[in-house]
Amino acid sequence: MRIYTNKSLLFINGDEKIKVKNLEIIDVPEWIENTGLFSLAKSDGTLTVIESKEDKIAAENGDLRKQSKTKGKANKDEVEEIEKSE
């Protein structure tokens, strides 16, 4: 499995440790998918699994980093709509 991260992460499985550096695309063993850190990092946009050539190009161009900074943040118009409907 190939992943991209925008923060340094350390995955631990017993005696095995895999360190992924900031803004790095790296091949990692499949066991990291079963760690809590993988789930958390993927859900908040810190980690992206590179599944296609387009994903790799987006990571290399910094596009994934831009997406993760805005992920989960509603824009002002969305917040106003929610407040009005309540």
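The values are calculated or read from the model by the stated rules, or taken from the named source; none is laboratory data. Note that the structure is a prediction, hence the values are computed from the model and not measured. Cβ coordinates were reconstructed from backbone atoms using ideal geometry, including for glycine residues, and neighbour counts include every protein chain displayed. Keep in mind that these areas ignore ligands, DNA and RNA; they rest on the heavy atoms of the full protein, side chains included. Shrake-Rupley method; radii C 1.70, N 1.55, O 1.52, S 1.80 Å.
Scanning the stretch 1-37 for residues that are under 17 Å from Ala59 (Cβ atoms) and among the aromatic types (Phe, Trp, Tyr) gives a single hit, Tyr4. Taking the stretch 2-59 as the range and being more than 10 Å from the chain's Cα centre (by Cα) and on the phi > 0 side of the Ramachandran plot as the test, the residues that pass are Gly14, Leu23.
Pairs meeting the criteria (first residue in the stretch 40-53 and under 10 Å from Thr5 (Cα atoms) and among the hydroxyl-bearing types (Ser, Thr, Tyr), second residue open to solvent by 20 Å² or more (accessible area, probe 1.4 Å) and part of a loop (DSSP other than H, G, I, E, B), beta carbons under 8 Å, at least 6 apart or on different chains) are Thr46/Asn6; Thr46/Lys7.
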